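Colleague: I have a structure here, written as structure tokens, and I will follow up with some questions on it.
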Amino acid sequence: MTERLEQRYCIKFCQKLGDSQVETIQKIQTAFGDDAMGITQIKEWYKQFKDGRTTVESEPRSGRPSTCRNDQVIAKVNAMVMRNHRVTIREIAEEVGISTFSEHSIMTEDLAMKRVAVKFVPKLLTTEQKELRVEVSQDMLDSTNSGLHEHHNHW
């Protein structure tokens, strides 16, 4: 496992120095030989570091709590996507204050959404996910409606 960590540090280093993905793959393969991680894995880590990921440690596996993947953050992400299906992962991450890596995990694992063309659309949802979506939608509807009534009374 320490070898994997070492390779991730090297990928991060190469990416920060401005090496291309191909150059990074060649360097990892040269340095680690038969123990080098697969090309797909190297590309994935390279892309994550390029997208702003800073940690080299693996994300906790689903099921374990994660500080940035709590119900409140998940609800915020869901609300943003429901407001604008064309919103980008980077826009959501910046707005909510999480990494693009965490945002992507929320979309795919917690909200069971995938990108189709340029929109996020729900995949099959669990009962719990459907209930969360209904709650968030109802809260948004209630706050919108109460805002309209208050505005209407001024006339």
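Every number here is computed from the coordinates shown, using simple stated rules; none is lab data. These numbers were taken from a predicted model, which means no experiment stands behind them. We place every Cβ from the backbone using ideal geometry, glycine too, and count neighbours over all the protein chains shown.
Colleague: Rounded to whole Hz and in sequence order, give me ³J(HN,Hα) for the range 36-48 from the Karplus expression 6.51 cos²θ - 1.76 cosθ + 1.60, θ = phi - 60°, writing x for Gly and Pro.
Modeller: 5, 5, x, 4, 4, 5, 4, 4, 4, 5, 4, 4, 5
Colleague: Quick one: which residues, 5 or more positions from MET113 or on another chain, have an amide H under 5 Å from its amide H? H modelled 1.01 Å from N in the peptide plane, none for Pro or chain starts.
Modeller: THR108, LYS123
Colleague: Give me a comma-separated list of calculated 3J(HN,Hα) values for the range 127-133, in order, Karplus coefficients 6.51, -1.76, 1.60 applied at θ = phi - 60°, integers in Hz, x for any Gly or Pro.
Modeller: Each residue's phi maps through the Karplus curve to give 4, 4, 5, 5, 4, 4, 5 Hz.
Colleague: Now, a different point. Return HIS85, HIS104 ranked ascending by Cβ neighbour count within 10 Å, so the fewest neighbours appear first.
Modeller: Ordered by Cβ neighbours within 10 Å, fewest first: HIS85, HIS104.
Colleague: Using the count of nearby Cβ atoms within 10 Å as a rough guide to exposure, how do LEU132, LEU17, LEU111 rank from fewest to most?
Modeller: Listing LEU132, LEU17, LEU111 from fewest to most nearby Cβ atoms yields LEU17, LEU132, LEU111.
Colleague: How would you rank GLU6, GLU57, going from fewest to most other Cβ atoms within 10 Å of each one's own Cβ?
Modeller: With the sparsest Cβ surroundings first, the list reads GLU57, GLU6.
Colleague: Count charges around ASP35 for me, please; just the other residues with Cβ under 11 Å from its Cβ, Lys/Arg as +1, Asp/Glu as -1.
Modeller: Around ASP35, the surrounding residues sum to -2.
Colleague: With respect to the cross-link table entries LYS50/LYS76; LYS27/LYS47; LYS47/LYS76; LYS47/LYS130; LYS12/LYS76, which display a Cα-Cα separation exceeding 27 Å?
Modeller: LYS47/LYS130; LYS12/LYS76
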